[in-house]
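Here, each number is a calculation from the coordinates, and none is a lab measurement. Note that the structure is predicted; figures quoted are calculated from it, not measured. Here the Cβ positions follow ideal geometry from the backbone for every residue, glycine too, while neighbour counts run over all protein chains shown.
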């Protein structure tokens, strides 16, 4: 199954301001067949593609992949989409995303800027590009000053095909000024889910990419990832400043991975079962990853595996607090098969393409379905059977809800903050801005990512804020302070709703009472009519009712007119939305303007609260 959808802009329309508009959710135009063409061209996933562009794609594909090579269906759809408009491509792991931006850049002409999250990915991607005969370079913190200047000069002169860099580099004014000289036609963001997963928290420079794009002359945006649920797609595009971009989605299912989840009610019981599970899975030397959420847990599980596994399980712990050299040593040992088991936080695995990982175990409940699907997807990349096991302790899901506590910053409070920042061009202490605006420091901290993404403020060292490009007393870029504040407040509210909903969607998956794969895929926006037959619920004879896709046990009763996942609906108060999941007593709907809402299914039936849209 694959889907294309866009939000109603004419083909070829680009965005000239950082303004954020809500894009409709759940709109899926007819799927086009990108394998056929006529003399008039082709109706691609995001609009018409001319015959000349199709010929250019064929020539660029030959240059990047070799004579006679062809793009896969997902690759081709992503390229054709990005040739027409800004595009988010959600493609399966190992789909060849490097070729997508390389071919697109060749057709658009001029040097391409690629944002990639890790140093190891930088080197891998440039190595592949150079092997394909392209002129590619890295720009990151590892470069000596002389080499750095050389790379920027070559890019500015138009003598590079691809520059692979980090969001931290694109947050630097000197880098943007130098890159703008090359007039890049394409800004590609690899592993684009990092924009919403990492940006608001520990890599805030991801939030400056919308600003960087404007400074680079509004190049076409191409986001690439293997996982993005419907709400994540909306958040990614908002933060990139292209909320109406075309979205190309290919089936995220990994049918070779057996899915299972086990409910546990105490911390000690959970770790006992994790150790037993991993010891069994790794008994024959099969490689795997144990994911946990804290640094302490990586060491706890590693030590218990070493002690209780009788020395049979060679295990290392991996987390972001380790020195880079030690992380590199562990990753290299895992890739080489010298250490078959790594106990890690989410810091491990980005760019890991080890085909023979046979299992992934989650000792802690993940914070989102997107993160879970990404991490599970590191198993079985060779297409052979693999196993994914989640140990779920309901109490673990209370921690992400901390984000939802307290009052959000409203437009008036943020107007006060922006007015104060505007008066301090050299920067002002963030903490000093909260009390005059009537905010807690926590509420202001939650709002700062939105202000950064809009270009209203810039972060300076020492938790200081300075005016951004979009902030000025005269309302530069046509946006005044009040409007900026209102847009920022809207982003904060929507992020809160998404954070709360992430918890509920993870819980729904972990506590599913029907086909677990169907529940997972539905939360990722891919409805399924049939149970998979390859998960613990199907194994136990509890696949649910294939007709209603509600995840009910066999005794569950579906009534005529009940909502089903993927259905577009209308609510009197919250407007248009898309049904995400349906359980025995509840239905979760993602509303275009109101975010996620969990409704009582009996009440929906009684009051007819949801009508077909």
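Relative to its Kirkwood radius, the Cα radius of gyration of segment 122-253 gives an Rg/Rh of 0.97.
Between residue 203 and residue 486, what length comes free when the chain is fully extended (0.36 nm per residue of separation minus the Cα-Cα distance, one decimal in nm)?
On the way: separation 283, 0.36 × 283 = 101.88 nm, distance 2.43 nm.
Result: 99.4 nm gained on full extension.
Annotation: for a label point projected 7 angstrom from Cα along Cα→Cβ of residue 442, residues of segment 491-531 with backbone N closer than 16 Å are 496-497, 499-500. On a C-alpha basis, how far is the centre of segment 97-116 from the centre of segment 210-269 in Å? Whole number, if you could? Between the Cα centres of segment 97-116 and segment 210-269 lies a distance of 20 Å.
If each of residue 606 and residue 144 carries a label point 7 Å out from its Cα toward its Cβ, how far apart are those two points in nm? If labels sit at residue 606 and residue 144, their model points lie 7.6 nm apart. Let me test this: with uniform point scatterers at the alpha carbons of segment 403-494, what is the Debye-based log₁₀ I(q)/I(0) at q = 0.14, 0.25 1/Å? Evaluating at q = 0.14, 0.25 Å⁻¹ gives log10 I(q)/I(0) of -0.40, -1.36. Just so you know, the Rg over Rh for segment 295-444 is 1.14, from Cα atoms, with Rh as the Kirkwood radius. Using alpha carbons only, how many angstrom separate the centre of segment 378-392 from the centre of segment 516-544? Spelled out, the Cα-based centre of one part sits 15 Å from the other.
Stretching residue 263 away from residue 154 to a fully extended chain increases their span by 33.6 nm, per 0.36 nm per residue minus the current alpha-carbon distance. Projecting label points 7 angstrom from Cα along Cα→Cβ for residue 332 and residue 177 puts them 3.9 nm apart.
For the pair residue 299 and residue 50, a Förster radius of 60 Å applied to the C-beta separation gives a FRET efficiency near 0.55, rounded to the nearest 0.05.
Each Cα pair under 8 Å and six or more residues apart adds its separation to the average, and for segment 161-218 the resulting relative contact order is 50 percent. Seen from every direction in turn and averaged, the convex hull around the alpha carbons of segment 277-353 projects onto 4.7 nm². Go ahead and collect, in residue order, the members of segment 429-456 whose backbone nitrogen is under 15 Å from a label point 7 Å along the Cα-Cβ direction of residue 412. Counting only backbone N, you get 436-440.
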